[in-house]
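Okay, so here's the structure we're looking at.
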Amino acid sequence: MGGPGKFLKENFSGNITVLKGKSILLGITGSVAAYKSIELIKRLREEEASVRVIMTGASKRFITPLSIELAAGDRVYSDMFETPLSHISLPADSDLFVIAPATANIIGKYANGIADDLLSTALLAYNGTVIIAPAMNWRMYENRAFQKGLNYLSSIGVKTVGPEQGNLACGEEGVGRMADVERIMESIITALTKQDLAGEQVLVTAGPTREYIDPIRYLSNRSSGKMGCALAKIAGRRGAEVTLICGPLSVAPPDNIDNVITVETADSMYAAVMENLPMSSIFIMSAAVADFMPVETKESKIEKKDKLQLNLVKTRDILESVGRLKNKPFTVGFAAETGYRPDRARKKLLGKDIDMIVFNDVSQKDAGFDTDTNEVVIIDRDREKKLPLMSKKDVSMAIFDRILELKDNR
Ligand code: CTP
């Protein structure tokens, strides 16, 4: 084990993207949403996955194989008899099978074990994870015979993403639109991510709080909530049940988590944390809670004058209160400092009696407030691990890696 301040590089999985080098088999079926497959292929290739595509005859009426070939950088497969045994070799060499868009026809055939073209035959020959992104008219989607097939597929482990509510190609409105490409990407990433947080209940706080001076004005800080949202998102990807308690965020909360609770003040964040803590096995306090609040909040707007003196008092320290509890979850805090002061962070770790603290120097460019990246030192009772500048998602990966190393040896 390294001593405090040592630069440890080992066992760092933070910057490994799960899609890199993976082989995705994509089936495209005959829906107007087929054009979105081009964007999906591009996104997969951006993440360094390779994509091989099987198109059904009907899908070619919506999008040309040439467009798909250009996006995939590879030929398209379609005809059962053109390349003999492709229905066996394509699935055999794939890490994941995705059908997007998936029509009622392919879903019904798959649920009933029907194999009458290359895609349906390849599906039956595949024994890995399958993700389907249904797309159809809402009447077809709600049809009981169709739903029976869909439920059967989910009972045997097939994952479904979408469909979403919205305007449908037929001019009607309802549930049937193919899920957004980013949602499909998220379920692909989750399917290929080791579920090493399965069984954990992770409680994360994010964003700033607002302490009201009067009904219109408040004290707050520059926190965007990006770090807390990244932590919640990664915990969800790794299989945890996640509750996010957030102050007013400048970003949308992740859509792959179970529960989002919005609060405004330090007091309401305190109450929400205490309510949810007993159900949690890991607690991460990444919110930038205001340290001070006005002694009183005026009920009506304070009129303009030359000088205004505010009387402030300390807010309750949420992390410290959790630290004092006897039966607390594995508890992680953040220490935002101006300047390279891991020593101050360590003091907070010991003073608040928690298991881990993540130090970051918010005076650094590209680290801290409202950035997509962060440069942190993960500090626990045994060691300090300084990480290079990396995305907040990768920082989150590294934090959970370390939590898992420590959690069961507490
Ligand atoms: N924190 C908290 N409740 C507060 C203030 C801070 O739970 N009222 C938490 C933060 O979410 C963070 C940790 O305490 O996880 C450290 O916060 P930080 O602002 O770095 O330190 P403070 O303890 O507030 O001390 P100082 O402001 O003097 O650095």
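The values are calculated or read from the model by the stated rules, or taken from the named source; none is laboratory data. As the structure is a prediction and not an experimental result, all values here were calculated from the model. Glycine gets a Cβ as well: all are built from the backbone with ideal geometry, and neighbour counts include every protein chain shown. Accessible surface is based on the protein model in full, side chains and every heavy atom, while ligands, DNA and RNA are left aside. Shrake-Rupley method; radii C 1.70, N 1.55, O 1.52, S 1.80 Å.
Quick look at the numbers
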read-out: Accessible-area value, residue 229, 1.4 Å probe, nucleic acids and ligands omitted, Å²; value: 10 Å²
read-out: Top of 249, 310, 70 by mean-square fluctuation, Gaussian network on the chain, Cα under 10 Å; value: 310
read-out: Sites matching trypsin sites (Lys or Arg not before Pro) across the stretch 298-337 that sit in DSSP coil, with at most 16 neighbouring C-beta atoms within 10 Å; value: 298, 301, 304, 305, 307, 316, 326
read-out: Taking N as its residue count, the alpha carbon Rg of the stretch 268-377 over 2.2 N^0.38 Å; value: 1.29
read-out: For the chain: span of alpha carbons on each principal axis (Å, largest first); value: 79, 56, 38
read-out: Backbone HN-Hα couplings from phi across the stretch 23-34 [Karplus 6.51/-1.76/1.60, Hz, Gly and Pro as x]; value: 10, 9, 9, 10, x, 10, 10, x, 9, 4, 6, 4
read-out: Gap separating the Cα centres of the stretch 134-190 and the stretch 299-354, nearest whole Å; value: 45 Å
read-out: Cα-projected label distance for residue 23 with residue 271, points at 7 Å along beta-carbon direction, nm; value: 5.7 nm
read-out: The chain: antiparallel DSSP beta bridges as a percent of all, rounded to 5; value: 30 percent
read-out: Rg ratio (alpha-carbon, reference 2.2 N^0.38 Å) - the stretch 23-191; value: 0.95
read-out: Greater than 21 Å apart at Cα, pairs in 22/385; 326/348; 22/194; 194/226; 348/386; value: 22/385; 194/226
read-out: The stretch 23-191, dipole about Cα centre (Lys/Arg Cβ +1, Asp/Glu Cβ -1), debye to the nearest 20; value: 400 debye
read-out: Theoretical gain in end-to-end length, residue 93 to residue 112 [0.36 nm per residue, Cα-Cα removed]; value: 4.4 nm
read-out: Helix-only [θ]222 nm of the chain, DSSP H runs n ≥ 4, -39500 (n - 2.57) each, per residue, nearest 500; value: -9000 deg cm²/dmol
read-out: Cβ-derived FRET efficiency at R0 30 Å, residue 409 paired with residue 279, nearest 0.05; value: 0.85
read-out: Cβ-derived FRET efficiency at R0 41 Å, residue 196 paired with residue 83, nearest 0.05; value: 0.60
read-out: Distance between modelled label sites at residue 341 and residue 308, nm, 7 Å Cα→Cβ extension; value: 2.9 nm
read-out: Under-5 Å amide H pairs with residue 132, H placed in peptide plane, nonlocal only; value: 99, 159, 160, 161
read-out: Chymotrypsin sites (Phe, Trp or Tyr not before Pro) lying in DSSP loop within the stretch 76-168, provided at most 13 other Cβ fall within 10 Å; value: 81
read-out: Alpha carbon centroid spacing (whole Å) that separates the stretch 237-262 from the stretch 46-102; value: 35 Å
read-out: Chain lengthening between residue 173 and residue 67 when straightened (0.36 nm per residue, less Cα-Cα); value: 35.3 nm
read-out: Per residue accessible area in Å² of the stretch 23-191, where ligands, DNA and RNA are left out and the probe is 1.4 Å; value: 46 Å²
read-out: 5 angstrom amide H check on residue 53, placed H, neighbours 5+ away; value: 26, 77
read-out: Max mean-square fluctuation residue, GNM over the chain, Cα-Cα springs under 10 Å, options 382, 366, 306; value: 306
read-out: Listed residues 256, 127, 221, most fluctuating in the chain (Gaussian network, C-alpha, under 10 Å); value: 127
read-out: ³J(HN,Hα) computed for each position of the stretch 382-387 - Karplus, 6.51 cos²θ - 1.76 cosθ + 1.60, integer Hz, glycine/proline x; value: 8, 7, 10, 10, 8, 10
read-out: Dipole of the stretch 23-191, positive direction: furthest Cα of 73, 113, 130, with charges on the beta-carbon; value: 113
